[in-house]
Each structure stands twice: as C-alpha cells, then as structure tokens.
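Down below is the structure, laid out as structure tokens.
The values are calculated or read from the model by the stated rules, or taken from the named source; none is laboratory data. All of these numbers come straight from a predicted model, not from anything done at the bench. Note: ideal-geometry Cβ built from the backbone for every residue, glycine included; neighbour counts use all protein chains shown.
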Amino acid sequence: MMLEMTQKEEKFIIPIGPQHPALKEPGHFEFAVDGELVTDATVRLGYVHRGIEKGAEARNWNQNLYLVERICGICSHIHAFTYARGVERLAEVEVPPRAQAIRVLVAELERIHSHMLWFGVAAHEAGFDTLFMFSWRDRETIMDILEGLTGNRVNYSANVLGGVKFDVTDEHRKTILEAVDFMEKRTKHYLNVVTTDAMFLQRTRGIGVANLQQAHRLGILGPTARASGVKRDVRVDAPYSAYKQFPIKMVVETAGDLEARFVVRLKELFESYRLIREILNNMPEGDLQVKRFPRRIKPGEVISRVEAPRGEVFYYIRSNGGEMPERLKVRTPTMMNMASVLAMAVGHQLADMPMLLVGIDPCFSCNDRGVAICNSKGDHDQWTWERLRQHGIDFYAEKV
Amino acid sequence: MNITQEWNDILDKVKTWARVNSPWLIHYNSGSCNGCDIEILATLTPRYDAERLGVKLQGSPRHADVLVCTGPVTMQSRDRLQRIYDQMPDPKFVVAVGSCAISGGAFQGCYNVIGHIDEVIPVDAYIPGCPPRPEAIIDGLVKLLTAIKTGAPIQTEKPEELLDVV
Amino acid sequence: MKIATMFSDVVGSFWKKPATVQYPFERVEAPTRLRGKLEWDPEKCTGCSLCSKDCPADAIEIITIDKKAKRFVMQYHMDRCTYCAQCIESCRFSCIEMSDEQWELAATSKVPFEVSYGREEDLAEALAKFALADTVETE
Amino acid sequence: MEAIGNIVSLLFFPGGLFVIFAGLMYEWLDHKIIARSQNRIGPRWFQPIADAIKLLTKEEIVPDGVNPVLFAILPLIALAGALTAALYVPMAGLKPAYSFAGDLIVTVYMLSLLTLSIGLAGANAKERFSLVGSTRALTQLFAYEAPFLLALLGPAIAAGSWQISEIVAYTETHTWMMILQPIGFVVALIGLMGKLELPPFDSPEAETEIVAGALTEYSGRGLAIFHLGKGAELIIGLTLITAFYMGGVSNPVWFLVKTVGLLAVLAALQSLMTRLRIDQTVGMWWRYGALLVLLQWLIIVVVQLV
C-alpha cells in the first residue's frame, strides 16, 4: 500500500524547453508522463519577458512604434499597425486611404508568410521534413516580395505614425500578383496533402480536439478558435482600416482537431490571396503620410484591436498629453491560447505534444508577461505580478 | 623529434579542417522577438541550405560546436544561457545574431533585460542586423569559420562575473 | 486517403535545379530598398538631432563641434541600430541614407561597429576632443 | 599466417576501415538524395568524414551519475558488433571472410547489438530524454526484429540453408527473390529502416520530442563511434538485402549498382513519410509486418511442397 502511494506521487516529468529543438523560442513545459501517456501538464513562461510595456513609458511615441514591432518577429507589422492605429485615433489624425490600403496589403502578405512558416514548422514537428522544406521554399517568394517592398524580411517598419513609409509601384504590383498566383497553386497542393495523406492524418486527425464549448470557455482566439467553430475574427466583426473597403470572408471549421487547424489556416490563405489581388487592382490614390504628426499626443485613452495571424491583438494606450505614452497594455493571442494546450494535453501521447503546442501557433515572445527569476545559485524564485511591477518602478526611478 | 612534430602538425591540420567543415549549431533565444530565430531556421531551408556548408542544427548542447544566440539576455534566461554554454563540449564558439544580442538593441533600458550576450558568455562572432538576412547570417558564420581556420585571434576572454541579480 | 502525396514534388525536384542560392561563393544583389548600413552626409545637416531623438535604440549620436559653422560629427553604433529607418523619416534635410549594398556587417570583434561620419577636419577635431572610436570613415 | 589474415580481415577488409569508410559514404549518399528530393543542394561528399573526425577530436563529457566504464564501453561494443557482422556478409560482392552453417542468425543478432547498446547507453545516462529515447529504442527493437529476421529467413528457406554464402550462391542462380517473395522483400526493406531508425521510424531519436533520444548526453568520441556503427549497419543491411532479394552480389560493380539503387529507394521512402508515433510503429509491425511475413512463409512452404 505504502509502495503504491509513493509510486503514484513520484511523477516522471518530461521537460520541454526552454532550450528545445521543438521550440524556436524559450518556453518551459513540464509534462508528467505515464509511459508515453501525458497525465499532467504545466507551463512556465517568462523567459522572454523583457518589460516592454514599462519600457514603452520611457520612450517617445515614435520610438515605441519600433519597440512594439519587436514584441514579436513573426507578426511584427501587426503590432506596429495596432499601435499606430491607436495612436492615430488618439491624436485624431485621419490616415490617407492609400496608406491604409498599403498597411492592409502588408498585413495580408505577413499573414501568408506567417501561416506558411507555421505550416512548415508544424510539419517539422510531425517529422515530415520534406513538407517543411517545400513550404519554406515557397514562403521565400513572399519573403522576397516583403523585402523588396519594405527593405527588411522580418521587421518591415512599414508604418510611421500617420501613414506608411513607402509606395507600391507598378513593378511591385506585377511581381506580387505573379507570386500570389504561384502561391495559390502551391497552397491548393498543400491543402490536398494535409487532408489526404494517410501518414500525416495519423498524426493530426482527432488529435487535440477542442470543441465549441471548450473553445468558448477557454477564450481561444484566432484560427485555433475558428477551427473549433467559433466565429470570431476582428476583420469581420469590427472591420478596421482598409478592411471596410475590402471585406473578407471568415473561414470556419467545426472539427476542432489539429487537421481542422491546418485546414483553417490554409483556407485563410486563399482569402488573403483574393484580398491582395483586390487591393492591388483597386489601389486608392493619394498621399502616403499625413503632413505633420504631432510629437505630443493630447490626453486620452484608446483601445485598438487588429486580427493578427494568430488571433486578436489588443492594445490599450493612454496618453497624458506628453511626448511619451502614460500606459501601454498589450494582449496577444498566444496568451489566450496557451491555456488550451494544457487542457488538451492530458490524455495524449508524449509524441503529440510538440504538434499540440505548435497547433495553436504559439509565439512566446508575444506572451511573456510574467516572470520567474532564477539566480545563479540555482534556486528558483517566482515573482508575483506586484513584485515585478515594483521592480520595474524602482528600476526606472533609479535610472532617472 | 622532428617526425612527431610533423605528425602533430598534420594532425592539427586535419582537426581544423574537420572543425571548419562541420559546424553543428545549437540555437538559444535568450529574449529576442524571434525574428532572428526564424531567419536562422530559414538558413537551413532550400533557398539558403546551410547544410551544403556542413551546418546542422542540433537539439542537444552536448552535440553542438557553435552556440547561436539571439536576443538580449533577460533576467530569467541568463541562467539558462550560462548552463547551455557550460554543457557544450570544447572547443566551442558563440555567435551573437541580431542587434539586441550584440548590444541590447531596441530593448536596452527595459527593466528585465540584463544586457547583451557577451556580458554573460564570451562571444566569437557578431552579426548585426534586425534581423540579419539569412545571407548575412551565413556570411557571419563563414567569417567565424575563416577565423578558426586561419587561427586569427577571436575574443575569448571570459566576461567579468556579473553581480548576482536579486 | 492517399499515401505519399508529396511524390510529385520529390520526384520533380530531381529534374529541377535546386532552389539554393550559392551565397558565400556568389553574392546576390539585395533589393534596392534594403535597409543596410546607415550613411550620413555632413553637408546638409543642421544639427537638429531629431534622428537621434527618435532612434529607438540610441544608435545615433550627433556631436556638435561648432553649431554656427554647421560642423557636426555623427557617431553611428552599428551594433545598436535596428535598421528601422525612422531617422530617415525624421530627418527633414535628408542627410541620412541606408545602403542597400552593405549588409554583410558581421565581424569577430565589436570594433568595426563604431563608425564615425563627418568631414575630415571635423573628425580630427572631434577625435582630439572626445576620443572617438578608432574606425573612422570619411565621406 | 592465419592470425595475420584474421587481423587484416577484421581491421581493414571486409570489416574495419572498409566498412566504416563505405558506411560514411553511403550515409552521405543518403543525405544527398534526401536533400535533392527536397529541392536543395545538400551536403558535400566529405561531410560525414568531417563530422566523424570532428566528433572524435572533441571533448568527451561524462555526465554526473553515470557509470563511466559503461558509458565508455557501450559505443565500442556497438561498433564491434557491426564490424563483426561485416565478416559474414559478402561485402563488396566478394566472398565473406568467415562462414559457417547458421551464420545468418549470428549476423542479424550482431547487428542488434547496436540498438541494444544505444538502449543501454540511454538508460545509463540519468537524463529524461535519454531514458525515454532508450525505452523507445528497445520497444522498437522488439517490434521490428522478429519480422525482419523472418523476412531474411524467407530466401534461406527457399535455398534450404541458413549459411549466408550458400543462400547467396542460390539467389545468384535463380530469379530475383524480390519477384518471387515480394512481401518478404518489402518487410525486410522496411525492417532495415526500422533498424537504422530512419524516418518514419525515427521516434527513438525524434528531435522535436526528445532532443536526440538515447544519445542526448553523448558528446565527442562516444557519439562519433555510435555514428560510425550506424553507418556500418546501413551498408551491411543493404548488402544483406541485395544479396538475398536482388539476385545476389557477384562482383563489386553489381554490388555498387544494386546497393545504391536500394539506398535511393530507402531515401525516397524517408522523404515521403511522416514520423510514426511509437505505438503506431509497434502496432504496424505486429499487426501487418509479422502477419505478412508469416503469410509469405506459408506460401513458400506450400510452393516447395507442391
């Protein structure tokens, strides 16, 4: 009896992360396993917590545009877009329609690159390296476009407060349309692969199911939620920027398993292709930037929401009339989706864990809002939110 | 005596040749925005295919020769970075990819950022850029390998032990 | 349900040329809009320092030698730069440019990352006054 | 005189250096074909050699809590097993160095030593990834070993002998066994993939789950020797299957052509498949592999009786 008790308490824990080949970013997961079966899962985040929200309070409005862009390297444009939109509304500045169209164009190109990136990584987690290689090869066409258009492959820095930095020329238009045609053909092929390949379906069909109820309860966002039948997409629910002019159709699947998530993301790409063509063919004329954007923003507060490739990005910005924001609050979709991984993990095989994790398209850089400090003596010290906040305040007080 | 000398020279040459032609990487993100991480991954994919230079991305620090770090060092990941570096077998090299890995970049002055990589572990090659293009990453790697091959001096001083944080 | 749906790709790529670029052996031209190393033109600068104020990473320092004679020296920290081009937006006299040629900036030490721009005589004076970094590029 | 001959055959040909070198070359070919099928250039021809030399010259870290003797000796046992197996196989199309009745069984079990050593090495290192990796490696061993052996015994029954040289002599003079016994051929081929832990049977070293499986803690020499053993096993396995199923290997040219052809098929299979979970692997082997081979046996026996 005693022996049994101790055996039960002693869990065999498999840590994934912070340095692990399945995760390109540091996050720490602990899966208690019984043989190969996962019985319990915990997550510890905070390795990438840099204190951006607090840091933003010590930078001026322009600098913050680039700081928030570096919250996440995959949806960099979306963060800058959300921030710029919020600040522009706060300053009551109307952005010229051409600039808005270009912003949405870059956002959709970014969505394609992000979904292709995710698709490749997910295939890699499943051990299907050929699919990974091919999808990343095709993704390079989009990266080339983005680099040619904006000057950088990842942090495009397309936005300035009150507009965008560059124009889309006829030459760009031609190359983008060509690339979109090519990508559409490839995406059809990939959709065929993920829905028919028997070996691949063994790893995706019926794995990690989150039904509609669970999705609502856990507050899942983005494509992960749409794969479970939740009709939630900011681009449709509350059209912003150029999406008012170029509406988009929502892609919803109901199965809620990994396969559905693959299908939703790939089908979303077709919508992106359609939208890009539409924007390029009906590009509004006009300026790229407003003449003069105020350096000081009048007092007030604003909420800005944008649909990132992973789900809804939410910004709260408050100004006290100075050159710097008084408060900047960011909520990213991965934060909301992370809970679903832990809920889904229990009862699955250890081999499915990387797939499940990647299924929500996690972005740890986005979601690290808490922190646990590990000092050099090796003892762990969990910091509460209060303590972290106090540390931030003290840090900046000391600096000034 | 002479013969052993020559023999040793030849052995050294073979060793260096093997080392230069088979750099196995391990990658750690110590707090970056993962822009650099995906570019590192992109160097392995068909367009850039770093495997033609012998590069292989390894999962275990024990198998790796080159530690590729991205991002500024946050308070929490500092310890991990140190540990991964210690776990790697000699000879080992460190490459700092991206501006924040070299200097803190856009994140300098954020309260949870300790600083750059070479405040924690010695760095052998720096690749600036935000993020550097995959070609630039390959270029940085080639510069590191050339330095190893020619025996050019690379920074290997151990940085001063940082004060314990908290 | 099928098996080996990637068959056509796999077989096809044996007949196709690899998608790989021969980078370290053959250099590929970067797109013209690429944001590489920053370049500064001392002739037009008025020393307003807006570029340095708006730089998100403190990569630019404008050192004033003589404000009236418009003699300035720019110290550019390549290692801090985030290559975001906000300085180009902020500069009203377009003295700043980003090169699309110089993007292979890697080095085995940090020394080449400190770049000082300016007229030769200004640089000499600044060097004497402020002990700038060794790497000096004259424009 | 005989002693010198023994030493030569063990150290240089057909065991020893020849097998190691050929194994490295075949490993390169495998990687190259996969790379080309993924539309990229792939490694240079000397890549595995450079890797091996580099690993041999690297620092060897013995982690805390392991048995150092076992830690050091297991890679050697693995390599020795593979090299010994090479002595009984018609390497490069030449006559095997040693031969006795029933050497087929010895060869197959010498090859299993590698997997066993890897399993023990993983269990020896007190690290979680290693432990899971070694559990998986041993589970997989029990899954594929029986069907693989049974598949190799198919031609043996047809030839009426369990001596490799006699079976090869038989297959050289008869129709290719892969036409007569297609099921056995497929099972043997896939068994070889399982044995070498190639995708889709690479869950014992699945990078995205358990880092590098049982070998996670090995660095330097130990890792290099395990790699060499794997290479040796690859070439021995290819030789066995070509000798048994593809009309034998009568001279080095045919040997090269046939084994490389078989390797190309292996590489194509690897690049087309998704990794199987360990439960799926085991299920597949016992549900289909073993049953199919037994069916094959039944057919052979019935045909021979008639």
Scanning for something more than 30 Å from D:Asp64 (Cβ to Cβ), of a type outside the set (A, V, I, L, M) and within 9 Å of chain A (Cβ to nearest Cβ), does the stretch B:8-27 turn up at least one residue?
-> no
Quick check, is B:Gly104 at pLDDT below 85 and within 15 Å of the chain's Cα centre (by Cα)?
-> no
Determine the pairs where a residue that is closer than 14 Å to A:Ser304 by Cα and within 11 Å of chain B (Cβ to nearest Cβ), located within the stretch A:66-90, has a partner that is among the charged types (D, E, K, R) and buried (at least 24 other Cβ atoms within 10 Å of the Cβ) with Cβ atoms under 8 Å apart, the partner being 6 or more residues away or on another chain.
-> A:His79/A:Glu69
Quick check: anything in the stretch A:141-160 outside any loop (DSSP other than H, G, I, E, B), polar (S, T, N, Q) and within 14 Å of chain B (Cβ to nearest Cβ)?
-> yes
So, of the residues in the stretch D:31-41 that are surrounded by fewer than 23 Cβ atoms within 10 Å (Cβ to Cβ) and free of Cβ contacts under 8 Å to residues at least 60 places away in the same chain, which turns out to be farthest from the other protein chains (Cβ to nearest Cβ)?
-> D:Lys32
Looking only at residues in the stretch B:53-100 that are within 27 Å of C:Glu104 (Cβ to Cβ) and of a type in the set (Gly, Ala, Ser), which one is surrounded by the fewest Cβ atoms within 10 Å (Cβ to Cβ)?
-> B:Gly54
Can you pull out the residues in the stretch A:274-286 that are part of a loop (DSSP other than H, G, I, E, B) and surrounded by 15 or more Cβ atoms within 10 Å (Cβ to Cβ)?
-> A:Met283
Identify all residues within the stretch D:155-186 that are of a type in the set (Gly, Ala, Ser) and closer than 20 Å to D:Pro96 by Cβ; write none if there are none.
-> D:Ala156, D:Ala158, D:Ala159, D:Gly160, D:Ser161, D:Ser165, D:Ala169
Which numbered condition B:Tyr48 fails, given (1) under 30 Å from D:Leu56 (Cβ atoms); (2) under 16 Å from the mean Cα position of the chain (by Cα) = (2)
Across the stretch D:265-293, what is the total count of residues that are over 18 Å from D:Glu145 (Cα atoms) and part of a loop (DSSP other than H, G, I, E, B)?
-> 3
Would you call B:Asp118 farther than 17 Å from A:Phe364 by Cα and more than 7 Å from every other protein chain (Cβ to nearest Cβ)?
-> yes
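Per-residue answers, yes or no, for (1) more than 15 Å from the chain's Cα centre (by Cα); (2) part of a helix (DSSP H, G or I):
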residue: B:Gly59; (1), (2): no, no
residue: B:Cys69; (1), (2): no, no
residue: B:Arg78; (1), (2): yes, yes
residue: B:Ile114; (1), (2): yes, no
residue: B:Val123; (1), (2): no, no
Might you check whether a residue that is more than 8 Å from every other protein chain (Cβ to nearest Cβ) and in contact with a His (Cβ under 7 Å, 6 or more places away or on another chain) occurs anywhere in the stretch C:36-57?
-> no
Residue within the stretch C:101-112 that is of a type in the set (Asp, Glu) and either surrounded by 20 or more Cβ atoms within 10 Å (Cβ to Cβ) or at pLDDT 85 or above (or both) present = yes
Do we find a residue being touching a residue at least 24 places away in the same chain (Cβ under 8 Å) and farther than 30 Å from D:Thr274 by Cβ anywhere in the stretch C:14-23?
-> no
Looking at the stretch C:103-120, is at least one residue within 30 Å of A:Gly163 (Cα to Cα) and either touching a His at 6+ places or on another chain (Cβ under 8 Å) or touching a residue at least 12 places away in the same chain (Cβ under 8 Å) (or both)?
-> yes
Is it true that some residue in the stretch B:34-43 is out of contact with any Leu (no Cβ under 6 Å at 6 or more places or on another chain), within 18 Å of C:Pro24 (Cβ to Cβ), away from chain A (no Cβ under 14 Å) and not hydrophobic (A, V, I, L, M, F, W, C)?
-> no
Enumerate the strands (runs of 3 or more DSSP E) found wholly within the stretch A:288-355, keeping only those where 2 or more residues are over 19 Å from A:Glu57 (Cα atoms).
-> A:300-308, A:311-319
Matching helices (runs of 4 or more DSSP H) fully within the stretch D:1-101 where at least 2 residues are among the acidic types (Asp, Glu) and modelled with pLDDT of 80 or more = D:16-37
Within the set of pairs 6+ apart or on separate chains, which have a first residue in the stretch A:320-346 that is at positive phi, a second that is in a strand (DSSP E or B), and C-beta atoms under 9 Å apart?
-> A:Gly321/A:Gly300
Tally the residues that are out of contact with any strand residue (DSSP E or B) (no Cβ under 9 Å at 6 or more places or on another chain), modelled with pLDDT under 85 and of a type in the set (A, V, I, L, M), restricting the search to the stretch D:122-140.
-> 2
Can you find a residue in the stretch D:196-203 that is in a helix (DSSP H, G or I), within 13 Å of another protein chain (Cβ to nearest Cβ) and more than 15 Å from the chain's Cα centre (by Cα)?
-> yes
C:Cys87: of a type outside the set (S, T, N, Q), buried (at least 21 other Cβ atoms within 10 Å of the Cβ), touching a strand residue (DSSP E or B) at 6+ places or on another chain (Cβ under 7 Å) and closer than 26 Å to C:Arg27 by Cα, yes or no?
-> no
Read through the list (1) surrounded by fewer than 23 Cβ atoms within 10 Å (Cβ to Cβ); (2) within 29 Å of A:Arg203 (Cα to Cα), then give the number of the only condition that D:Ile105 fails.
-> (2)
Unique match (being buried (at least 24 other Cβ atoms within 10 Å of the Cβ) and either more than 21 Å from C:Ser8 (Cα to Cα) or touching a strand residue (DSSP E or B) at 6+ places or on another chain (Cβ under 7 Å) (or both)) among A:Ala99, A:Ala123 = A:Ala99
Does any residue in the stretch D:272-298 that is over 23 Å from A:Leu131 (Cβ atoms) come within less than 8 Å, Cβ to Cβ, of a residue that is not in a helix (DSSP H, G or I) six or more places away or on a different chain, and which pairs are these?
-> D:Gln296/D:Gln181
Take D:Thr239 and decide whether it is surrounded by fewer than 24 Cβ atoms within 10 Å (Cβ to Cβ) and assigned to a helix (DSSP H, G or I).
-> no
Top-ranked residue of the stretch A:144-168 - restricted to ones that are more than 29 Å from A:Ala91 (Cβ to Cβ) and of a type outside the set (Lys, Arg), ranked as surrounded by the most Cβ atoms within 10 Å (Cβ to Cβ) | A:Ile145
Which numbered condition trips up B:Ser22, out of (1) under 18 Å from the mean Cα position of the chain (by Cα); (2) within 17 Å of B:Glu135 (Cα to Cα)?
-> (2)
Give the number of residues within the stretch B:1-49 that are in a loop (DSSP other than H, G, I, E, B) and among the acidic types (Asp, Glu).
-> 1
